[in-house]
1. Being of a type in the set (Asp, Glu), farther than 30 Å from GLY154 by Cα and touching a residue at least 60 places away in the same chain (Cβ under 8 Å) narrows it down to one of GLU4, GLU14, GLU110, GLU26, so name that one.
2. Determine, yes or no, whether LEU61 is outside any loop (DSSP other than H, G, I, E, B), more than 22 Å from VAL165 (Cβ to Cβ) and open to solvent by less than 70 Å² (accessible area, probe 1.4 Å).
3. Could you count how many residues in the stretch 29-43 are of a type outside the set (A, V, I, L, M), in contact (Cβ under 8 Å) with a residue 60 or more places away in the chain, part of a helix (DSSP H, G or I) and surrounded by fewer than 20 Cβ atoms within 10 Å (Cβ to Cβ)?
4. Would a scan of the stretch 133-140 turn up a residue that is in a helix (DSSP H, G or I), under 16 Å from LEU61 (Cα atoms) and open to solvent by 30 Å² or more (accessible area, probe 1.4 Å)?
5. Among the listed residues ALA143, ALA117, identify the single one that is surrounded by 17 or more Cβ atoms within 10 Å (Cβ to Cβ), without any contact (Cβ under 8 Å) to a residue 60 or more places away in the chain and at negative phi.
Amino acid sequence: MEEEIVKKLEKLSEKEILGYAIASEEDARQFYLKLAEGKGELIGEFFRDLANAERVHKTLLLNLYDDIFGDKEYTVPENIPLVESTVNIVTLGNLVEALKTALMNEKTAERVYTLLAQKLPEHKTLFDFLATQERAHYKAIEAHKEYLEGLMRGKPEYAEIPAHVIFNQVEIYYKPRTQP
């Protein structure tokens, strides 16, 4: 899917690609906020941090869009799907699938910023920075996915455990405690 999206974007104008990137950042922010819901403080904070980073990326892109095109009313190209999907995260298995979707999104975002760096070389520094951020998100999400897959390895019944149970157990024993 990532390859198809990038190939379609390559045929579009800089304005359309930038509009797609802005919409993707908002979509990713909403996706991470959804993943944060009811998962416990530690993993919830991880997803909220990702959502905040996507919010900042969107703001940067909107400001750039305004600088280049004179307004912040961007349009999203039709027939090019955003990678995020609505996933009902109930079980550990659902969460792993959602993380796979997040990985695909981060990889696509990195490729989109690399494409924008080529198409708008006067803004290469910004796009290279955003591509680096997306690559860092990818690695962090990948580490969490691998951790969860490790929990389920050899224990297929774990895939059906409610996701919040695992994180709540971790936090009961290991969560940093604040002094009153």
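The values are calculated or read from the model by the stated rules, or taken from the named source; none is laboratory data. From a predicted model like this one, the values you see are computed outputs, not experimental measurements. Cβ placement follows ideal geometry from the backbone for every residue including glycine, while neighbour counts extend to all protein chains displayed. With ligands, DNA and RNA removed, areas are computed over all heavy atoms of the protein, side chains included. Shrake-Rupley method; radii C 1.70, N 1.55, O 1.52, S 1.80 Å.
1. Numbers: GLU4 fails: touching a residue at least 60 places away in the same chain (Cβ under 8 Å); GLU110 fails: touching a residue at least 60 places away in the same chain (Cβ under 8 Å); GLU26 fails: touching a residue at least 60 places away in the same chain (Cβ under 8 Å).
None of the other options fit; the residue is GLU14.
2. yes
3. Residues in the stretch 29-43 being of a type outside the set (A, V, I, L, M), in contact (Cβ under 8 Å) with a residue 60 or more places away in the chain, part of a helix (DSSP H, G or I) and surrounded by fewer than 20 Cβ atoms within 10 Å (Cβ to Cβ): 1 in total.
4. Residues of the stretch 133-140 in a helix (DSSP H, G or I): 133-140.
With under 16 Å from LEU61 (Cα atoms) added as a condition, the list becomes 133-134.
With the extra rule that they be open to solvent by 30 Å² or more (accessible area, probe 1.4 Å), the set shrinks to 133.
Yes, that holds for at least one residue.
5. Unique residue meeting the criteria: ALA117.
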